[in-house]
Amino acid sequence: MSRQETRTGAAIRLEALRFAYPGGARMRFDLALEAGDIVALMGPSGSGKSTLLNLIAGFEMPDAGRVLIGGQDVTGLAPAARPVSMVFQENNLFAHLTVAQNVGLGRSPSLRLCDADRAAVADALARTGLAGKEGRLPHALSGGERQRVALARVLVRKRPVLLLDEPFASLGPALRDEMLDLIAALHREQAMTILMATHAPRDAERLSRTLVFLEAGEVAGVGATRDFLSGGGPAAFARYLGAGGGAP
Ligand SMILES: Nc1ncnc2c1ncn2[C@@H]1O[C@H](COP(=O)(O)OP(=O)(O)OP(=O)(O)O)[C@@H](O)[C@H]1O
């Protein structure tokens, strides 16, 4: 087992994290998430959800402040060195690599796989319903199957933190529920800390325990998802849902 492999999640702390795109508005994030929590990240378009995830993953570097994962300061680390997996809405896969190779990348970036790695890949493909499709290229899969491949890769990576950036926004409701249930099953097994950006209250309700509400580049509320969705969140959250920001 490599040092980053784990079956337990890691706490995430963002301490006075400041960031601005060139010419863009300033953002500032302070946040503490418990190890193993499942968190929905909601907020109006442009409120900073993707930016926050990218700062945790290391795809963006802050102007000031710190990112701590499992108590370790990872602020200066490259994405590959962070104990994090991330799944985007699309383009998670390499188009020229097969399903099995795309999943195998989660074990070895050079695809030098040992027997145990190959067994882990086969197991992850079976558990995500992809057995028999190992040799296909991504273009020969449906959108839902492509996201399953991305989740299979998460399974074999076994990182303590999983970041999901609107991963199922382009899928229909039934398929979305299936994917959310798959993530819940991965969580039961690996107990990773999950942070999922979504506009869909229904998805937040189905998967998450905790809800983080962003507004204008800041954390504007944190609480139990059920409290937020039963009207206990800040007034701005109700306005966001009312304005249709939260698609079903
Ligand atoms: N690469 C970029 N360069 C410049 N500005 C950017 C870039 N990416 C995002 N922004 C701006 O930063 C702000 C936050 O964007 P971000 O994508 O994090 O919001 P979001 O909450 O994820 O939005 P959405 O719900 O629409 O995905 C927005 O004003 C956006 O226009």
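Of all residues in region 35-57, at least one satisfies being within 16 Å of the ligand (Cβ to nearest atom), small (G, A, S), under 14 Å from the mean Cα position of the chain (by Cα) and not in a strand (DSSP E or B). Counting only strands (runs of 3 or more DSSP E) that sit wholly inside region 121-217, those with at least 1 residues that are surrounded by fewer than 23 Cβ atoms within 10 Å (Cβ to Cβ) and within 16 Å of the ligand (Cβ to nearest atom) are 161-165, 210-215. Does L77 satisfy being away from the ligand (no atom under 14 Å from the Cβ) and not in a loop (DSSP other than H, G, I, E, B)? Spelling it out, it is not the case that L77 is away from the ligand (no atom under 14 Å from the Cβ) and not in a loop (DSSP other than H, G, I, E, B). Cβ-Cβ contacts under 6 Å between residues 6 or more apart (or on different chains), taken from a first residue in region 129-142 that is of a type in the set (K, R) to a second residue that is crowded, with 16+ Cβ neighbours inside 10 Å, are listed as K133/V99; R136/V99. If the condition is being more than 16 Å from the ligand (Cβ to nearest atom) and closer than 18 Å to P160 by Cα, then region 58-74 contributes L68, I69, G70, G71, Q72, D73, V74.
For L151, the conditions (1) closer than 18 Å to A126 by Cβ; (2) under 11 Å from the mean Cα position of the chain (by Cα); (3) in the same structural domain as G71 (by TED's automatic domain parsing) all hold with the exception of (3). Within region 13-34, the residues that satisfy the criterion of being in contact with a Lys or Arg (Cβ under 8 Å, 6 or more places away or on another chain), within 16 Å of the ligand (Cβ to nearest atom) and of a type in the set (A, V, I, L, M) are L14, L17, A20, M27, L31. Within region 97-125, the residues that satisfy the criterion of being aliphatic (A, V, I, L, M) and out of contact with any helix residue (DSSP H, G or I) (no Cβ under 7 Å at 6 or more places or on another chain) are L97, A116, A119, A122. Residues of region 80-91 that are more than 16 Å from the ligand (Cβ to nearest atom) and buried (at least 17 other Cβ atoms within 10 Å of the Cβ): R82, P83, V84, S85.
The values are calculated or read from the model by the stated rules, or taken from the named source; none is laboratory data. Owing to the predicted nature of the structure, the values given are computational and were not obtained by experimental measurement. Cβ: placed from backbone, ideal geometry, glycine included. Neighbour counts: every protein chain shown.
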